[in-house]
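See structure below.
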């Protein structure tokens, strides 16, 4: 990977998987960022690069994701993020949000339906973005 020696490549691959959970889009974005901005990729310096990578993901992906949401959808998605990265029952929200909002957010790819009446945000990086932008 990146033409690095095997021992460093394994560390970088582990770090990438930890951050992206293997999500192909995020893997591609982060690898592209590293290839275009870093003269030499060093495993021990990846965490110091992370804020800049997350900032780029914010600009290129996450802001676009939330820009198309209604105020009520945005409120719901932020509420999900405040609860953490796990799945949440729609019953947790009581009557505050109509069920149609959950279906809309699933349709927009921002929530994943994990079971009957249970949902989670589509990726932990999106959750991190929402927690930082509330």
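The values are calculated or read from the model by the stated rules, or taken from the named source; none is laboratory data. A quick note: this is a predicted structure, and the numbers were derived from the prediction, not measured. Neighbour counts are summed over all protein chains in view; Cβ atoms, including those assigned to glycine, are modelled from backbone coordinates with ideal geometry.
Within the range 49-96, how many residues are touching a strand residue (DSSP E or B) at 6+ places or on another chain (Cβ under 8 Å) and part of a helix (DSSP H, G or I)?
Filtering the range 49-96 down to residues touching a strand residue (DSSP E or B) at 6+ places or on another chain (Cβ under 8 Å) leaves 77, 80-81, 85-90.
If we keep only those that are part of a helix (DSSP H, G or I) as well, we get 77, 80-81, 90.
Going through the range 49-96 one residue at a time, the tally reaches 4.
Take the residues in the range 1-48 that are modelled with pLDDT of 85 or more and outside any helix (DSSP H, G or I), then tell me which one is surrounded by the fewest Cβ atoms within 10 Å (Cβ to Cβ).
The residue in question is 22.
Would you mention how many residues in the range 98-110 are in a loop (DSSP other than H, G, I, E, B) and either buried (at least 17 other Cβ atoms within 10 Å of the Cβ) or modelled with pLDDT of 90 or more (or both)?
Keep residues of the range 98-110 that are in a loop (DSSP other than H, G, I, E, B), which gives 98, 108-110.
Right, trim to either buried (at least 17 other Cβ atoms within 10 Å of the Cβ) or modelled with pLDDT of 90 or more (or both) and you get 108-110.
Selection size over the range 98-110: 3.
Looking for whichever is loosely packed, with under 14 Cβ neighbours inside 10 Å and within 17 Å of the chain's Cα centre (by Cα) here; the options are 70, 82. Which one fits? Walk me through it before giving the result.
On the way: 70 fails: within 17 Å of the chain's Cα centre (by Cα).
Of 70, 82, the one residue that is loosely packed, with under 14 Cβ neighbours inside 10 Å and within 17 Å of the chain's Cα centre (by Cα) is 82.
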